[in-house]
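One structure is given below, encoded as structure tokens.
The values are calculated or read from the model by the stated rules, or taken from the named source; none is laboratory data. Only a predicted model underlies this, so the values are computations on that prediction, with no experimental measurement involved. Here the Cβ positions follow ideal geometry from the backbone for every residue, glycine too, while neighbour counts run over all protein chains shown.
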């Protein structure tokens, strides 16, 4: 029997966030509340945004119903915690060193941070790509044709020649 495994980015995390809603009161050693539907929805929006960029995500439920969405890419770690007042706390670590922390963000603020992170990754990807073009002057030179009508035929075939 052959089985195929496909991994849809963020799907496992999204399912985990939805399961948080079913947690009973007292789930954490007699204390702990499930998140509100609004908190779970905001966490899902953050997860989906990260998943659309094919970033690795995870989610964790806090004892007071806060939902934390984590985003990973190589040595960068982003943490978005949807608090009990629906504000979002953001933490970024690069190589296990905290580089940014912001509190009381809106969902739009957090989505903007994620979008900036995606752009940063794109720029890093482009700047780290080695050039594969040969740049020497005497490589792959095209010699001019010895046929006097070759230039006209080339223009005509490409559709750029003027027709009478």
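At-a-glance table
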read-out: Members of the range 10-33 found to be modelled with pLDDT of 95 or more, part of a loop (DSSP other than H, G, I, E, B) and in contact with a helix residue (DSSP H, G or I) (Cβ under 8 Å, 6 or more places away or on another chain), listed by number; value: 21
read-out: One residue from 42, 98 being in contact with a strand residue (DSSP E or B) (Cβ under 8 Å, 6 or more places away or on another chain) and assigned to a helix (DSSP H, G or I); value: 42
read-out: Residue ID - farthest from residue 114 (Cα to Cα), chosen from residues in the range 56-71 that are touching a helix residue (DSSP H, G or I) at 6+ places or on another chain (Cβ under 8 Å) and outside any strand (DSSP E or B); value: 65
read-out: Check on residue 51, touching a residue at least 12 places away in the same chain (Cβ under 8 Å) and buried (at least 17 other Cβ atoms within 10 Å of the Cβ); value: yes
read-out: Candidate set: the range 84-122, residues that are under 13 Å from the mean Cα position of the chain (by Cα) and surrounded by fewer than 12 Cβ atoms within 10 Å (Cβ to Cβ); chosen: the one modelled with the lowest pLDDT; value: 122
read-out: Matching residues, the range 72-95, being farther than 19 Å from residue 13 by Cβ and outside any loop (DSSP other than H, G, I, E, B); value: 94
